[in-house]
């Protein structure tokens, strides 16, 4: 699938952007020219050779804080996607095979999660348990899990009704063997699309929470937190919010672009499969006509 995604222009653009963002997240603190927490005597300094993006209201180098804040922003979005994946996809697949009671309970839980405004719930939980990034990410990941539940359940239902799965069940195969052997390969492409979209959505949510000062203790830098502080000094530095805003938009755009590329590749693979199966069906008829 990776090669097919990279064969598309949208896939290559998305991977290139995400590669740059990943490099910033991994090596941002090393690449920062100054300490992101060090104050200088030059507050709200303009763009110059020594400060390529100027300094903030406390005299801290903006570029250094932008690079150092990449890790918390990116890792937070990835954690949200992974939490949503495990909380949503596994129950979604198992709901098809573990009986009516498990199916009914998980469906009601998913309906409840969908009805909750996740941003308000995340704010309430962090206020209740403490202003920590772990609490905020856990709540956001759980509240975004219904997307994975629905996608994985729909794919598992389609596979469960196929003849080869029914034959395996009649032969006495266990649900775990059926899921591992037949279901997972069919569920993986739509889950990959949902994962890319959820990481993008999680990035927006994490940026929104840090914009509000939730989940990160100051003076730790984050893109959302920098965007919030820069908006208070637009009259002095109208260019200041541009850099964190561009990085946030570019990351979300790349995640959605990658999801579109995976969806296109999955559709092409499905069409190729059906064309190959139709060709196999036509071949015996052609041989019979030739023999006649």
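Read-outs: derived from the displayed coordinates by stated rules, not from any lab. If you're wondering where the values come from, they're calculated on a predicted model, not measured in any experiment. Cβ placement follows ideal geometry from the backbone for every residue including glycine, while neighbour counts extend to all protein chains displayed.
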Open item on the list: Given the condition surrounded by fewer than 17 Cβ atoms within 10 Å (Cβ to Cβ) and assigned to a loop (DSSP other than H, G, I, E, B), answer yes or no: does some residue in the stretch 8-28 qualify?
Closed with: no
Consider residue 115 carefully, then state whether it is closer than 27 Å to residue 177 by Cβ and either out of contact with any strand residue (DSSP E or B) (no Cβ under 6 Å at 6 or more places or on another chain) or in contact (Cβ under 8 Å) with a residue 24 or more places away in the chain (or both).
no
Restricting attention to the stretch 118-145, the residues that are without any contact (Cβ under 8 Å) to a residue 24 or more places away in the chain and either closer than 15 Å to residue 75 by Cβ or surrounded by fewer than 18 Cβ atoms within 10 Å (Cβ to Cβ) (or both) number exactly 8
Has the stretch 226-238 got at least one residue that is touching a residue at least 12 places away in the same chain (Cβ under 8 Å), under 18 Å from the mean Cα position of the chain (by Cα) and buried (at least 21 other Cβ atoms within 10 Å of the Cβ)?
no
